[in-house]
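Before any comments, here is the structure.
The values are calculated or read from the model by the stated rules, or taken from the named source; none is laboratory data. If you're wondering where the values come from, they're calculated on a predicted model, not measured in any experiment. Counting neighbours? That spans all protein chains shown, and the Cβs are built from the backbone with ideal geometry, glycine included.
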Amino acid sequence: MMKRWLAVAAIFALVATACTAGSEDPGPEPEPPSTTGEQEPVTLEMWGAWTGRELDQFNQIFEGFTEQYPWITVRSRGGVGDQKIITAINSGEPPDVVLSFVLDNIGQFCSSGAWQDLTPYMERDGFDLSQFPAAALQYTSFGGSQCALPFLTDAYGLYYNVDMFEEAGITEPPTTLSELADVAKQLTVFGPDGSIERAGIVMATGYYETTVLTMGSMFGVEWYSEDGTQSAIDDDPAWTAFFEWQKEFIADVYGEGDFQTGADRLERFVAGQGDEFSTANDFQEGRVAMNLDGEWRTAFIADEAPDLNYATAPFPVPDDRADQYGMGQIGGTIIGIPQGSDNPEEAWLLLQYMATDTDTLVYMANNVRNVPTTVAALESPDLDVTPQFQTFLDIFQHPGSHYKQHSAIGSADQTTLADFAARWQAGTATDLEAGLQQVAQQIDDQLAQAA
Amino acid sequence: MGIAAGAGVIRRRPRRRNLKRGLTILLFMSPWIAGFCFLILYPMLSSLYFSFTKYALLSAPEWIGLENYRLLFTRDPFFWLAIRNTVWIIAVGVPLRIAFAIFTAWLLTRPQRGSRVYRTLYFLPSMAPPAAAALAFVVVFNPRFGPVNQILGAFGVDEPPLWFYGPGSSKWGLVLLALWGVGDAMIIFLAGLLNVPRQLYEAADIEGASGWQKFRHITLPMISPVIFFSLLIGVIYGFQLFTQAYVVALAVSGSSVADAAQGLGTPQGSMLFFSVYLFEQGFLSFRMGYASALAWVLFFIAMVCTLALIKGSRRWVHYQGGGFR
C-alpha cells in the first residue's frame, strides 16, 4: 500500500516539476543588427488581431518597411487574439512581433516579461519617446516596464444627429451632464404605451461603447490606490457620484421621475438594439439621437449611412468638472516583442517603423479611421480630417484624456464592476455602498493572487 | 531429482506463458494506455497541481496550497452565481428535455405512413452545430426583429418576453434551444418504445387499463433504463454547458471574441454557467490556477451527482431479465 502511495507521489512530483520548468531567463543584452555588408535574409512573423478589410489595409504597411530593410520579409497573420499569443509564448515558439487590441493585458504582459521590456533597445538606440503624446506612453507601460509601443488609438466622444437637434430647436451639443439630461429629455420619444420609441441617449453600461470604463473616465474616477495594490472603487467618491447620477438620469429621462419605470423601459429598449458593427447600429438607424462612441464610427457612417446628417463633440462632463470639457477616454492598439522571439533585433526595427513612421500611421488613420499616435502624424498635412474626425484628434491631445490605471489582473476589474453596474441600472442591486465594497473586495482578492 | 526437475518445468512454463500473454495484451492495449496517460491522466494531474498554485499562464506556477479553494468557496460571488445558474438549467432543462423526447418519440410511433420522413425531420435539428443553432436562436428570438415576438405581438401580447436579452427569460431561451435539438434523445426513446413487448399492452387491454395506466405501469418501467441513461448524460452535459451559453452571451452583449470577458454572463449574469466561468477565469483572465480549482470542484460535484443517480436508480430503473443493477 505504501509503495502505491509513493508511486502516486512520485508521479505528482514529476508532473509538478514538468509544469514549473517553463520560466525563461532574460537573455543577453541586445546587439543591433549590422547595417553594413551583406545581410542574411530574415523573415519576421507578425501576429495581430486585425481581420477582414482592416487586415488587408494593415498588410499594405509592410511594403515600405521592406523597401527600407530589403533583407527582412514580414509574414503577417491576422485574426490572432491574446490567448493564442500567450499559448505560443508558453510553447517557446512565439512570433517575432505581436499586436493586441486588448490594452488591459498590458499589466500581465509587462509584469510577467511575456512581452519584452523595450527599455534596453530604446536606451541603446536613443529612441525618442517624446514623439508620442504622454497619454499614449501612460497606457503602454506598467510597473516600470515599457513593454509595448502604441500603434494607433481610439478616442471616445459624443455623436449627435443634427437633423433631430434642429427639429427640437437645439443649436449646440451639451457640454455638461445636466445639459445632456435636458437635451436627452427633449429628444426622447415615447410610444402610446409608454415604451421608448427613440432615446435621446442611452446611459446604460453595456450598451455599445457606454461602459464603466468610458463613463468612469468622464467622472475622473480612480480604479486603484496610488501604489496600485488596492481597488479604489469603494473609496473614490467619483464612483458613487457616477452611479447616483446614472440612477437620477434614468428616472428623469425615461421614467418621468420614477427610477424603476425608467429602468424597465430602458431594459426593453436596449434589448432591441441593432448590432453595433452593422447598418442596424442604433445611431445610424436614428433609433437614438445621441450616442457615446469611438472615432471609428465616422468610417462606418461614411460607408453604411452616408446620408446621415451628424456631428461629433467631446462627451459632456459632470457639472463640477466643467473645466475638463474636451477630455475623453482614449486607448488603443499596442505592439511588442514577445519573449522568445527568434529575431528580436529585426523585430525592434519593425516595431519602431510601425510606431513612428508618419506615412504608415497616416495611411492607417485615413483608411481604418483610428487616431494616429505620434505628434508628427497628428500634425501631418496628409491626414484626411473631416470635422467629425477632428473632434477625436482633439480629444486625444487633451491633457485630461487618459486610459485607466493598469493592473496585473487585466480587464477582470472592469468585468467585476460591469456585473454590478448591470444589476444597479436594472434596479436589482439597490445598496450602492455594499455593492461597491464587494466589487472592491473581489478585485483586491485577484490583485493579491496576481502579485 | 527427476521429479523435482519436472516439477520445476511445470512451474516455469505457465509463468513464461502468462508473461508472454500479458505482454501481448499490453501491446494491444498500448495505444489506449498511451492516449490515456498523455491525454487524460497527465492533464488531470497537471490541473490538480495547478489548482494549488497561483498560475497566470505567463509566469511559472507558485504553490499557494488551498488558497484558490478558500477564495472560491468564501469570497467569490460569481462562483455561487455560476452554481445557481447551472443547477437551474439542469433541474429545469433536463427533465423537460426527457419529457419532450418521450412525447416526440411516442408521436413518431403513431404514423403508419411516412414515419421515416417524420423521424428524419425531427432528428435533423440535433445535427446542427451548437454554435450555429445558438446564433440562429438569438436572431429568431430577438425582441425587436425576431419572428417569435412579432407573432406574439400579432396575437396581442403587449410585452412579449425579452428572451436572451432579459435576465428572467434568457435561460428559458436555452431550454427551448435544447428542446428544439431533442432529436438525439428522441431517437433513443423511440428505440426504447418500439422495444416494449406488445403482449404487455394486450394483457393490459384485457384487464381494462386506461391509456394513462398503460403508460404509467408498462411504458415507463420498460423504458426506465433509457430514461436513466438520458438523465445521467443530461446532468453531466448540463454541468459542462458552454458553447450555447458562450455564443448567446457574446451575441447579446455585442462583445467581440477579443473582449469576450466583458460579455460573458450577459444579461446580468443570468448566463454565467459553471463552465463559462471556468473558461473566463482560465483563458480570459489568465487565472489558470483558480480555473483549475474550479474544474476540480466541477469534477467533484458531477461525480457525486452521477454516483447519487446510479445509487438512486436501483429503486426505479427496471431491466428486462434482471440485467446490471
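Scanning the stretch B:55-98 for residues that are basic (Lys, Arg) and over 23 Å from B:LEU264 (Cα atoms) gives B:ARG70, B:ARG97. Those helices (runs of 4 or more DSSP H) of the stretch A:51-127 in which at least 2 residues are without any contact (Cβ under 8 Å) to a residue 12 or more places away in the chain and facing chain B (nearest Cβ under 9 Å), considering only elements entirely within it, cover A:82-91.
Can we say B:ALA7 is in contact with a helix residue (DSSP H, G or I) (Cβ under 9 Å, 6 or more places away or on another chain) and at pLDDT below 95? It is false that B:ALA7 is in contact with a helix residue (DSSP H, G or I) (Cβ under 9 Å, 6 or more places away or on another chain) and at pLDDT below 95. Residues of the stretch A:428-436 include none that is facing chain B (nearest Cβ under 10 Å) and in contact (Cβ under 8 Å) with a residue 12 or more places away in the chain.
Out of B:LEU41, B:LEU45, B:LEU58, B:LEU19, I need the residue that is modelled with pLDDT under 95 and within 9 Å of chain A (Cβ to nearest Cβ). Which one? So that I can check it myself, show each step before the final result.
On the way: B:LEU41 fails: modelled with pLDDT under 95; B:LEU45 fails: modelled with pLDDT under 95; B:LEU19 fails: within 9 Å of chain A (Cβ to nearest Cβ).
Going through B:LEU41, B:LEU45, B:LEU58, B:LEU19 in turn, just one is modelled with pLDDT under 95 and within 9 Å of chain A (Cβ to nearest Cβ): B:LEU58.
Among the residues of the stretch A:138-181, none is identified as surrounded by fewer than 21 Cβ atoms within 10 Å (Cβ to Cβ), in contact with a strand residue (DSSP E or B) (Cβ under 8 Å, 6 or more places away or on another chain), within 27 Å of A:THR229 (Cβ to Cβ) and not polar (S, T, N, Q).
Being touching a Phe, Trp or Tyr at 6+ places or on another chain (Cβ under 6 Å) and within 12 Å of chain A (Cβ to nearest Cβ) is the filter here; which residues of the stretch B:141-163 pass it? Those that are touching a Phe, Trp or Tyr at 6+ places or on another chain (Cβ under 6 Å) and within 12 Å of chain A (Cβ to nearest Cβ): B:PHE141, B:PRO143, B:TRP163. With respect to (1) of a type in the set (S, T, N, Q); (2) closer than 30 Å to A:GLU433 by Cβ; (3) surrounded by fewer than 22 Cβ atoms within 10 Å (Cβ to Cβ), the lone exception for A:SER278 is condition (2).
So for the stretch A:174-191 (the condition being outside the structural domain of A:ASN370 (by TED's automatic domain parsing) and of a type in the set (Asp, Glu)), does at least one residue qualify? Yes: the stretch A:174-191 contains one or more residues that are outside the structural domain of A:ASN370 (by TED's automatic domain parsing) and of a type in the set (Asp, Glu).
Scanning the stretch B:164-205 for residues that are part of a helix (DSSP H, G or I) and within 14 Å of chain A (Cβ to nearest Cβ) turns up B:PHE164, B:TYR165, B:SER170, B:GLY173. Quick one: count up the residues across the stretch B:259-306 that are in contact (Cβ under 8 Å) with a residue 40 or more places away in the chain, hydrophobic (A, V, I, L, M, F, W, C) and within 8 Å of chain A (Cβ to nearest Cβ). Qualifying residue count for the region: 1.
Is it the case that some residue within the stretch A:393-403 is under 22 Å from A:ASP227 (Cα atoms), under 16 Å from the mean Cα position of the chain (by Cα) and surrounded by fewer than 20 Cβ atoms within 10 Å (Cβ to Cβ)? Break it down stepwise before answering.
As a first pass, look at the stretch A:393-403 and keep what is under 22 Å from A:ASP227 (Cα atoms): A:400-403.
Now restrict to residues that are under 16 Å from the mean Cα position of the chain (by Cα): A:401-403.
Retained after the next criterion (residues that are surrounded by fewer than 20 Cβ atoms within 10 Å (Cβ to Cβ)): A:402.
Looking for residues that are under 22 Å from A:ASP227 (Cα atoms), under 16 Å from the mean Cα position of the chain (by Cα) and surrounded by fewer than 20 Cβ atoms within 10 Å (Cβ to Cβ), one finds at least one in the stretch A:393-403, hence yes.
Taken together, the residues in the stretch A:416-431 that are crowded, with 16+ Cβ neighbours inside 10 Å, closer than 22 Å to A:PRO237 by Cβ and over 25 Å from the mean Cα position of the chain (by Cα) amount to 1.
Got a sec? Which of A:GLU256, A:GLU304, A:GLU267 is more than 14 Å from every other protein chain (Cβ to nearest Cβ) and either in contact with a helix residue (DSSP H, G or I) (Cβ under 7 Å, 6 or more places away or on another chain) or touching a residue at least 40 places away in the same chain (Cβ under 8 Å) (or both)? After ruling out the rest, the residue left standing is A:GLU304.
On inspection, B:ILE33 qualifies as modelled with pLDDT of 95 or more, assigned to a helix (DSSP H, G or I) and not assigned by TED's automatic domain parsing to the domain that holds B:GLU280.
Assess whether A:PHE142 counts as being of a type in the set (A, V, I, L, M, F, W, C) and more than 28 Å from A:ASN59 (Cβ to Cβ). Considered against the rule, which asks whether it is of a type in the set (A, V, I, L, M, F, W, C) and more than 28 Å from A:ASN59 (Cβ to Cβ), A:PHE142 comes out as yes. Condition check for B:ASN68 on (1) in contact with a strand residue (DSSP E or B) (Cβ under 9 Å, 6 or more places away or on another chain); (2) not hydroxyl-bearing (Ser, Thr, Tyr); (3) not in a helix (DSSP H, G or I): one failure, at (3).
Results for (1) within 19 Å of B:VAL92 (Cβ to Cβ); (2) in contact with a His (Cβ under 8 Å, 6 or more places away or on another chain), shown as yes or no for each residue.
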site: B:LEU162; (1), (2): yes, no
site: B:VAL182; (1), (2): yes, no
site: B:TYR201; (1), (2): no, no
site: B:ALA204; (1), (2): no, yes
site: B:LEU220; (1), (2): no, no
site: B:ALA245; (1), (2): yes, no
site: B:VAL248; (1), (2): yes, no
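Is it the case, given these coordinates, that B:ILE83 is under 25 Å from the mean Cα position of the chain (by Cα), outside the structural domain of B:PHE242 (by TED's automatic domain parsing) and closer than 21 Å to B:PHE239 by Cβ?
Details: under 25 Å from the mean Cα position of the chain (by Cα): yes; outside the structural domain of B:PHE242 (by TED's automatic domain parsing): no; closer than 21 Å to B:PHE239 by Cβ: yes.
No: the conditions fail for B:ILE83.
Got a number for residues in the stretch B:61-106 being aliphatic (A, V, I, L, M), more than 14 Å from every other protein chain (Cβ to nearest Cβ) and touching a helix residue (DSSP H, G or I) at 6+ places or on another chain (Cβ under 8 Å)? Residues in the stretch B:61-106 being aliphatic (A, V, I, L, M), more than 14 Å from every other protein chain (Cβ to nearest Cβ) and touching a helix residue (DSSP H, G or I) at 6+ places or on another chain (Cβ under 8 Å): 10 in total. When the helices (runs of 4 or more DSSP H) confined to the stretch A:343-451 are screened for residues that are in the same structural domain as A:THR312 (by TED's automatic domain parsing) and among the acidic types (Asp, Glu), those reaching at least 2 such residues are found at A:412-426, A:432-450.
Would it be correct to say that A:GLY332 is within 13 Å of another protein chain (Cβ to nearest Cβ), at pLDDT below 95 and over 30 Å from A:VAL253 (Cα atoms)?
Values: within 13 Å of another protein chain (Cβ to nearest Cβ): yes; at pLDDT below 95: yes; over 30 Å from A:VAL253 (Cα atoms): yes.
In short, yes.
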